[in-house]
């Protein structure tokens with residue numbers, strides 16, 4: 001791929017939930033993260049962090065490095081630090097997302113080498129939990145139960161909360177390491193399609209504030225607009241236009257949550273020329289006006 005750009009590194013605590021910018025553990029519901037980032041998550045990585053997505057139901061399209069997986073929940077995929085990954089979830093998919101600093105996982109493995117074969121590294125994995133062997137079904141059940149317990153601990157400020165979060169995170173990571181050998185076989189994907197799709201997402205990141213038409217994106221990649229749309233539907237099961245709009249929505253949500261700018265100021269920062277049109281655009285995809293979204297996130301609505 002020409003003009004190759006570095007794969008973005010996302011620190012979830014800084015970009016999404018600044019209350020936990022320095023935490024060893026970050027947790028949220030999958031639906032909450034999808035509401036912020038969109039259902040299409042372009043290629044990215046997490047330096048110094050392991051991340052696990054546990055999806056209860058719905059179909060997930062996952063790309064771990066250059067390996068494609070298409071699985072239905074219940075399932076999880078695990079991405080070790082620096083592993084490039086992208087994924088698309090169904091609109092009604094929910095579950096859990098756990099991000100853990102790498103030292104915590106390494107300490108577990110150092111304390112009990114049986115968690116990982118000698119000389120091996122933790123590899124990216126995609127596990128369909130309904131398809132694991134009968135001998136691992138109890139482990140799969142425990143994983144779901146511990147994730148629900150972790151969700152409850154994060155939602156409540158109970159006595160001993162930090163200790164409970166650390167203990168539950170360790171139990172979850174042990175369970176994941178036990179289940180990872182059941183990772184599914186990758187589904188073949190056309191290399192040229194993946195190149196076009198990743199290039200498109202990289203261009204969106206650079207130019208979405210300029211509101212490029214799709215024909216310009218396609219010309220920059222060297223394909224037709226129809227080919228670009230076909231690739232996006234094959235890879236992400238989404239039309240190309242939707243991917244651009246979701247990136248605009250992600251930035252709109254971020255500015256509404258983390259900046260003190262007025263709605264009108266955010267409108268112009270995002271390249272819109274008419275605040276009324278921006279409000280209609282946001283309402284169409286979020287089901288709320290920008291002002292209502294900001295109030296709801298602040299607990300005022």
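Return yes or no: is residue 112 over 14 Å from residue 176 (Cα atoms) and under 23 Å from the mean Cα position of the chain (by Cα)? Answer is no for this residue. The single residue among 72, 93, 114 that is farther than 30 Å from residue 206 by Cβ, assigned by TED's automatic domain parsing to the domain that holds residue 151, surrounded by fewer than 22 Cβ atoms within 10 Å (Cβ to Cβ) and in contact with a strand residue (DSSP E or B) (Cβ under 6 Å, 6 or more places away or on another chain) turns out to be 72. Number of residues in region 249-260 that are in contact with a helix residue (DSSP H, G or I) (Cβ under 6 Å, 6 or more places away or on another chain) and more than 14 Å from residue 35 (Cβ to Cβ) equals 1. Of all residues in region 278-292, those that are closer than 18 Å to residue 38 by Cβ and assigned to a loop (DSSP other than H, G, I, E, B) total 2.
A quick yes/no check of all residues on (1) in a loop (DSSP other than H, G, I, E, B); (2) at pLDDT below 90; (3) surrounded by 14 or more Cβ atoms within 10 Å (Cβ to Cβ):
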{"position": "243", "(1), (2), (3)": "no, no, yes"}
{"position": "257", "(1), (2), (3)": "no, yes, yes"}
{"position": "265", "(1), (2), (3)": "no, no, no"}
{"position": "276", "(1), (2), (3)": "no, no, no"}
{"position": "294", "(1), (2), (3)": "no, no, yes"}
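In region 41-51, the residue that is nearest to residue 71 (Cα to Cα) out of those that are out of contact with any helix residue (DSSP H, G or I) (no Cβ under 6 Å at 6 or more places or on another chain) and assigned to a strand (DSSP E or B) is 41. Taken together, the residues in region 212-241 that are surrounded by fewer than 19 Cβ atoms within 10 Å (Cβ to Cβ), in a helix (DSSP H, G or I) and in contact with a strand residue (DSSP E or B) (Cβ under 8 Å, 6 or more places away or on another chain) amount to 0.
Checking each residue in region 261-289 for being touching a helix residue (DSSP H, G or I) at 6+ places or on another chain (Cβ under 7 Å) and more than 19 Å from residue 208 (Cα to Cα) picks out 261, 288, 289.
The values are calculated or read from the model by the stated rules, or taken from the named source; none is laboratory data. What you are looking at is a predicted structure, and each value in this text was computed from that prediction instead of being measured. Neighbour counts run over all protein chains shown; Cβ positions are idealised from the backbone, glycine included.
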